[in-house]
Amino acid sequence: TINEYGYYVSCGSGGASNHVAKYGLIDKDGNWQPIVSIENETNINQLAFIEGLEQIPKVAKAKGVSENIKLVTMVFENNVDDLGESNYKENVYTFYVYDDNWDLIEDVNLYRNSIYKEIFDEAMVPFVTPEEALNIISQKEKDVGVTDKIKEGKEVIWKVLIEPITSDQPSYDDVTYEIYASLNESMPEEYRFFASGLDSEQGNLGFVMGLKVYNENNVLILSEDFSKTDDTLMGYPVYSEMMDTMGLHVVDVNFDGYKDVIILNNFFGAHANTWYDCWLWDANSSSYVFSESFTEICNPALDRDNKCIYSSGGSSAAYWGGKIYKFINGEFILTNELYTDWDGLVESKLMNDKMEIVRQVKYGEDEQVVMDEMEYYKNHELWQLDNPHWYRVGGHHADRWLE
């Protein structure tokens, strides 16, 4: 986002445990004035492949610490040139410690005399306290001329216009799709599932706008409006190739014998990954209940035999791994993960309610190592990465895994 004074915040994700936010200013002369890039990593095992930080998980493991730490990396750089390059960057580190409920532990002694300080000292990673980190950021803001008034400026709003401004702008038509389905063998009556959206013949992008579910008596039992009204309308962005069905499926996703309902909430962007909203049938209340945890599953593929969901797709060409979820205690829980990047891979498994590393490999300079590892996981009994249920890119070809 960027506001009226040129103050900008750019956020992204490097995985389930990694989030990055960049802050800066575009000044009155159009020059980029970076303030800080802040990277938060809540899984310290992922630091094993980062040069300069690789000792942290090793030292932590030796001391019996494997979780509840968040490492914060702050990158400060000088003004970028016309090509967006910086000649000097400085990394500053701090950390936060949380209890088992992931509530922040606020204790200055964590940074003076604690096992966590010992971890960073023995790993030879210098750190500052969170308060010192905030002071450094504050000073950088002053250096580039950012004040509280500038940070609180009115946000510039970017809109997708439903009504065209000129003849070059696409016009949108209403689209609908509906399914009739019974929910269980004990409930043979058919329910009606109705999706609505907007699509354009001129463009390649549509919007999923709403979902309604009616019971056997044509009584409305679920009504969802995905549009946002602010002079214009905008719903869930979905490539036009999927707007004929809008990704609507009536299928048992938690393997309890009752059919649930899912619909696309995102099929857009360079990597064409898909995410779905999901409502689970609650037999006790005879109603559909929204599942927040299902929305985190990218490119889901159902496996009824093993009662699990495969998830693939990512934002990097170096990612060829995947994730496996199971429905545990009312939530979709990550039970297995194969994380890959340019430097290596980490395979993790849920054990005693914690994700633990079971295998990790560094590629080094030998490209054959990468090929060997890919072949290993293609033939792995659990992963079988050559199975088409790891479909990685959204589209109708994935429908077979959601039926």
Labelled set [x] 33, 30, 24; [y] 58, 21, 15; [z] 40, 31, 21; semi-axes √(5λ) of the Cα gyration tensor in Å computed from this model equals the value at [z]
Accessible area per residue in Å² at 1.4 Å probe, computed on the chain: 55 Å²
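With n ≥ 4 as the cut-off for DSSP H runs, can you work out [θ] at 222 nm for the chain, using -39500 (n - 2.57) per run divided by the number of residues, rounded to the nearest 500?
Details: 5 runs with 47 residues, N = 403.
Computed mean residue ellipticity for the chain: -3500 deg cm²/dmol.
Run the accessible area of the chain with a 1.4 Å probe and give the carbon-and-sulfur part as a rounded percent. Intermediate values should be presented prior to the final figure.
Values: 10390 of 22160 Å².
Accessible surface attributable to carbon and sulfur in the chain totals 47 percent.
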Using unit Cβ charges (K, R positive; D, E negative) and no other charged atoms, how large, in debye to the nearest 20, is the dipole of the chain about its Cα centre? 580 debye
Taking H placed 1.01 Å from N in the peptide plane, check which residues at least 5 places from ILE221 or on another chain put their amide H under 5 Å from its amide H. VAL213, TYR214, ASN215
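Suppose every K and R has +1 on its Cβ and every D and E has -1 on its Cβ; what is the size of the dipole of the range 225-384 about the Cα centre, in Debye to the nearest 20?
Numbers: 11 positive and 28 negative charges, 71 e Å.
That gives the range 225-384 a dipole magnitude of about 340 debye.
If we sort 252-258, 367-373, 279-285, 306-312 on the protection proxy, mean other Cβ atoms within 10 Å, highest first, what's the order? Let's see the in-between values first.
Details: 252-258: 17.4, 367-373: 13.0, 279-285: 15.1, 306-312: 19.6.
Highest mean packing first, the order is 306-312, 252-258, 279-285, 367-373.
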Multiply the residue separation of ASN18 and LYS149 by 0.36 nm, subtract the distance between their alpha-carbon atoms, and state the gained length in nm to one decimal. 44.2 nm
With label points set 7 Å from each Cα along the Cα-to-Cβ direction at GLU106 and LEU220, the distance between them in nm comes to 4.5 nm
Taking amide hydrogens as modeled 1.01 Å from N in the peptide plane, which residues meet the under 5 Å criterion relative to SER287, leaving out close sequence neighbours? ASP282
Phi-derived 3J(HN,Hα) across the range 47-59 with the Karplus relation (6.51, -1.76, 1.60, θ = phi - 60°), rounded Hz, x for Gly and Pro, is 7, 4, 10, 9, 4, x, 10, 5, 7, 4, x, 5, 5
If I model a spin label as a point 7 Å beyond the Cα along the Cα-Cβ vector, how far apart are those points for GLU367 and ILE136 in nm? 3.8 nm
Once normalised by the length of the chain, the mean sequence separation of its alpha carbon contacts under 8 Å that are 6 or more apart gives a contact order in percent of 8 percent
ASN266 long-range amide H proximity, modeled H, under 5 Å: TRP275
Taking only the alpha-carbon positions of the range 251-309 as identical scatterers, the Debye log10 I(q)/I(0) at q = 0.12, 0.22, 0.27 Å⁻¹ comes out as -0.30, -0.89, -1.16
Across the Cα atoms of the range 291-378, what radius of gyration and what greatest pairwise Cα-Cα distance (Dmax) are found, in Å? 14.1, 44
Can you run phi through the Karplus equation (6.51, -1.76, 1.60; θ = phi - 60°) for the range 21-38 and list ³J(HN,Hα) in whole Hz, with x for Gly and Pro? 9, 10, 10, x, 9, 9, 6, 5, 8, x, 8, 7, 10, x, 9, 6, 10, 10
Under the Karplus relation 6.51 cos²θ - 1.76 cosθ + 1.60, θ = phi - 60°, what is the ordered set of whole-Hz ³J(HN,Hα) values for the range 385-400, x standing for Gly and Pro? 5, 8, 6, x, 5, 8, 7, 6, 10, x, x, 5, 4, 8, 4, 4
Past 22 Å, Cα to Cα, is the threshold; run LYS22/LYS140; LYS22/LYS117; LYS307/LYS362; LYS89/LYS140 against it and keep the listed order. LYS22/LYS117; LYS307/LYS362
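The values are calculated or read from the model by the stated rules, or taken from the named source; none is laboratory data. If you're wondering where the values come from, they're calculated on a predicted model, not measured in any experiment. All Cβ positions, glycine included, derive from the backbone under ideal geometry; neighbour counts span all protein chains shown. Just so you know, the surface numbers come from the protein's heavy atoms only, side chains and all, with ligands and any DNA or RNA stripped out. Shrake-Rupley method; radii C 1.70, N 1.55, O 1.52, S 1.80 Å.
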